[in-house]
Amino acid sequence: MKPNARTFPAFLLLCVSAALVPPSPRAGAVPAPAHAHPAAYRFVGGRWFDGRAFVPKTVYSVNGVLRTSHAGRVDETFDLGGRYVVPPFAEAHNHHFQEGMDYRAQVLEHLARGIFYAKNTNSIPKLTDPVRPHLNSPESVDVLFSGGGLTAPGGHPAQIYDYLAGRNLLPGLTRADVNGQAYFAIGSGKDLEAVWPAVKAGRPDFIKAYLEHSEEYEARKDDPKFYGRRGLSPALLREVVRKAHGDGLRVAVHVNTAADFRNALLAGADEIAHLPLERINAGDARRAAAGSVVVVTTTLSHRPTGHVKDPDEVHRHNLRLLHAAGARLAVGTDDNNRTAVEEAENLNRLGVFDRLTLLKLWVEDTPQAIFPARKIGALSDGYEASFITLDGNPLDDFANVRRVRFRFKQGHPIRATDPGAGKPPAPK
C-alpha cells in the first residue's frame with residue numbers, strides 16, 4: 001500500500017513495529033492518577049467476572065479502589081441491570097495519540113469501546129509531548145510511549161518516516177529531523193553511546209528496537225536494495241538491552257522472521273512486539289515462557305506475502321506453541337484503522353483459544369503486561385476501580401464484547417458513548 005495523507009495512520013501502524021515491556025521502575029512509570037474528589041459508589045445488579053465465570057454480587061468503589069464490602073458512606077448507587085462486568089480492555093501495540101492525528105477522537109473511541117490502556121510502540125516525542133497532558137487520567141486513556149526506536153542505518157522503519165516527512169505528513173518535521181526523533185540509526189556500540197542521551201531525553205516509558213531478517217544481517221547491512229528491510233545486528237541488540245536495563249527501561253523488539261524471534265529472546269528482550277511471519281519452534285516458545293517475555297499478537301497487521309501465502313496458518317501454529325508452553329501473550333493490533341476489539345475478534349476467528357482463555361488474555365494479561373506495577377486486570381478487592389459492563393455474556397457469544405454499556409475508570413463514571421453503546425445505567 002502506498003501511503004498518503006489519508007492512509008498515513010494505517011500505513012504507519014501496519015509497517016512500524018513494536019516494543020512493549022513489563023516490570024521495571026520505568027515500565028509502570030505512569031502511576032494511577034490521584035482523584036480530585038474521593039467518592040464511594042455502590043454497584044448492584046451486576047454479574048462480575050471472577051476469572052472463571054460471572055457471579056452476581058454487590059461491589060463498591062471507595063476512593064478509586066474496588067471493595068467487596070463497605071460500611072461507610074455511599075455517595076451514589078448504580079444498578080447495572082444484570083449486565084456482565086469485566087475489567088477494561090487493553091491495546092498492547094498501536095501508534096495513536098500524537099499531533100497530526102485526531103487524538104481527541106482516538107481517546108473517545110478507545111473509551112467508548114472500553115479500551116482504557118494502550119501502548120504506543122514507536123512514537124515521536126515532538127508530536128506526543130503536547131498530547132501527554134490529555135492522557136493518563138481517570139477521564140482518559142492510560143498510555144505508554146517508547147519514543148523513537150533503535151535500528152540500523154537505513155533500517156526499518158526509516159523508509160516509512162523518511163517518506164512521510166518528505167511529503168510533509170509529520171507536523172513540524174522534515175526528512176532531516178526524523179533520524180533522532182522517529183528513529184535512531186546505530187551501527188555500533190559507539191553509536192549507541194552517542195545517541196543514548198537523546199533517547200533518554202525523549203522520556204521513553206520503554207525502549208523499542210528493531211530486528212529485520214537478522215539471519216541475513218551481514219548480507220543486508222550495506223546493500224542499498226535492503227533499505228528499510230534490515231535492522232540491528234543481534235550482537236548490538238544485546239548491548240541495547242543491557243544499556244536499557246541498566247537505566248530501568250524494558251525493551252520491546254520488532255521481529256519479522258523466526259530467527260529474529262530467537263535472537264530477540266537470546267538478547268534478553270522483555271517483549272516481542274509481533275508474532276513472526278514464520279513458524280517458530282517449540283524450544284523458542286519454551287524459552288519465551290521461561291523468560292516471562294511478552295509476545296504481542298498483531299495478527300491484523302500481517303498480509304500474505306511472496307513467501308507467506310497463509311498468515312493465518314502461521315499465526316495458529318505460533319499461538320498454539322506459545323500458549324502450550326505457557327508464554328505470556330498480549331493483544332495488540334499495529335493497525336491505526338482498527339483497535340484491539342478487531343484484533344480480539346480476529347483471534348477468536350483463528351480458533352486457537354476458547355472464549356474464556358481469550359477473554360482472560362485480553363482483560364487480565366494484556367493490561368498487566370502494559371502496566372505491571374499497577375493493580376489492574378482483575379475485579380478483586382483492593383484493585384483499581386476500573387471496569388466496563390457488557391449487555392451480553394462474552395463467554396456465550398464473543399460478539400458481546402462490542403456491546404459496552406457502562407464505563408467506570410479509577411473511581412469515576414465515564415460518559416463516553418458511541419452509536420451502539422446505549423446509555424449508562426441510571427443512579428438509584
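When +1 charges are put on Lys and Arg Cβ atoms and -1 charges on Asp and Glu Cβ atoms, the dipole computed for the chain relative to its Cα centre reaches about 560 debye.
Dipole of the chain computed with +1 at Lys/Arg Cβ and -1 at Asp/Glu Cβ about the Cα centre; of Leu356, Gly382, Val295, farthest Cα towards the positive end is Gly382. The distance separating the Cα centre of the range 274-350 from that of the range 91-164 comes to 21 Å.
Positive end of the charge dipole of the range 61-218 (Lys, Arg +1 and Asp, Glu -1 on Cβ, about the Cα centre): tell me which of Phe78, His110, Ser140 has its Cα farthest that way. Projecting each Cα onto the dipole axis, the largest value belongs to Phe78. For the peptides 366-378, 188-200, 146-158, the ranking by packing is 146-158, 366-378, 188-200, with the highest mean count of neighbouring Cβ atoms within 10 Å listed first.
Summarising the amide proton neighbourhood of Ala385: residues at separation of 5 or more, or on other chains, whose placed amide H is nearer than 5 Å comprise Val65, Leu66, Gln410, Gly411. Global dimensions of the range 96-216 from alpha-carbon coordinates: Rg and Dmax equal 15.2, 47 Å. For the range 216-309, applying the loop criterion from DSSP together with a ceiling of 10 other beta carbons within 10 Å to the trypsin sites (Lys or Arg not before Pro) yields Lys309. What's the whole-number percent of alpha carbon pairs in the range 153-254 lying beyond 23 angstrom? When all Cα pairs of the range 153-254 are counted, 26 percent exceed 23 Å.
Expressed as a whole percent, the accessible surface of the chain that belongs to carbon and sulfur atoms is 50, based on a 1.4 Å probe. Each of Gly166, Gly154, Thr128 was scored by the projection of its Cα onto the charge dipole of the chain, and the greatest displacement toward the positive side belongs to Thr128; charges sit on the C-beta of Lys, Arg, Asp and Glu. Relative to its Kirkwood radius, the Cα radius of gyration of the chain gives an Rg/Rh of 0.98. In this structure the amide hydrogen of Arg83, modeled in the peptide plane, comes within under 5 Å of the amide hydrogens of Arg47, none closer than 5 places in sequence on its chain.
The values are calculated or read from the model by the stated rules, or taken from the named source; none is laboratory data. Only a predicted model underlies this, so the values are computations on that prediction, with no experimental measurement involved. Methodologically, a virtual Cβ is constructed for each residue, glycine included, from the backbone with ideal geometry; neighbour enumeration extends over all protein chains shown. SASA here: full protein model, heavy atoms, side chains in, ligands and nucleic acids out. Shrake-Rupley method; radii C 1.70, N 1.55, O 1.52, S 1.80 Å.
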